[in-house]
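Worksheet for the structure shown next.
FYI, it's all coordinate maths here, none of it is from the lab. This is a predicted model, so every value here is computed, not measured. Here the Cβ positions follow ideal geometry from the backbone for every residue, glycine too, while neighbour counts run over all protein chains shown.
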Amino acid sequence: MKIALFLIICFVASVVTVLADPVAIFDVRWGKGKARQSRSFAIACYDVEAPQTSANFRKLIKDGFYKKTSLHRVYPDYFVQGGDPLSKKKDRTVIGTGGPGYTVPAEIRRKHVRGAVAMGRLLDNLNINRQSNGSQFYICLRPTPSADGKDTVFGEVVSGLEALDEISRLPSDSNANPLEKVEVRRTYLIDRSQLISTRAASKVW
C-alpha cells in the first residue's frame, strides 16, 4: 500500500513538473487591411536532451530578441524557418545569414518528427563540430529522417502547428521568403499549465 501511494505521489509530481515547464509563445502577423492574419504557436523545450540550446532560446525570448524578426523561409507542408535578426531589414538578399554573434554547442539527440524545432547551422565543411547558429531555428511540418543526427532538435511545437502549416503555404519568392512578411509581433514565456487552461477556456490556439 505504501509503495503504491509512493508511486502515485511520484507520478503526480512528475505531471506537475511537466505542466510547470515554461513554454515560449510566438504571436505572428502577416497581410494588410482586411486580409491581415494573426496567429500564435507555442514551443516547449527539451531541457534534458538539449540544456544549453534550451537555455539560450529562453534567454532570447526573455530579451525580446525575436521581436520584429520574421519567419523568413517557408516550404509548403515541409518546414518553416525563423530567428534571423537581419529579417527585420528590408534587404531580402541578406536574410538567412544573421545571428546573435555566437554559436551554441551541438546537442544532437532527438529526431526530426512533425512539430520538432531544431537549430539551423553552417554546413559540415565550415562547421566540423556541428555547432548551432545562436538564434535561427526551423520547425518540421512532417517527419524528416534525413536530418536526424545532423542538427540539434531542442523542442517541439505544443500548440499552433496548424497555423504553421498555413504559413508554410504562403506565396514566396525564389529564396522561399514569403512575399508578405510574416512578422513576429511578440514572444513571451508562460507555464505549460497556463497554455492548457487557455486552450480549454477559448479556442485561440
With DSSP loop assignment and no more than 13 other C-beta atoms within 10 Å, the chymotrypsin sites (Phe, Trp or Tyr not before Pro) in the range 80-139 are Y102
Note to self, the chain gives a 222 nm [θ] from helices alone (DSSP H runs n ≥ 4, -39500 (n - 2.57) apiece, / all residues, nearest 500) of -7500 deg cm²/dmol
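Could you pull out the trypsin sites (Lys or Arg not before Pro) across the range 38-131 that fall in loop regions by DSSP (anything but H, G, I, E, B) with no more than 11 other Cβ atoms inside 10 Å?
Working: sites: R39, R58, K59, K62, K67, K68, R73, K88, K89, K90, R92, R109, R110, K111, R114, R121, R130; in loops: K67, K68, K89, K90, R109, R110, K111, R114, R121, R130.
Those satisfying the criteria are K90.
What is the chain's relative contact order, in percent, from Cα pairs under 8 angstrom and six or more apart in sequence? List each step's numbers first, then the result.
Values: 434 pairs, mean separation 63.8, N = 205.
Worked out over the chain, it gives 31 percent.
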Cα-Cα longer than 25 Å, checked against K32/K62; K59/K88; K59/K89; K32/K59, kept in input order, equals K32/K62; K32/K59
Within the under-13-Å Cβ sphere about D47, not counting D47, Lys/Arg +1 and Asp/Glu -1 give a net charge of 0
For K90, the lysines lying under 16 Å Cα to Cα, once residues fewer than eight places off in the same chain are dropped, come out as K67, K68, K181
Rg from C-alpha atoms of the range 22-201, normalised by the globular rule of thumb 2.2 N^0.38 Å, equals 0.97
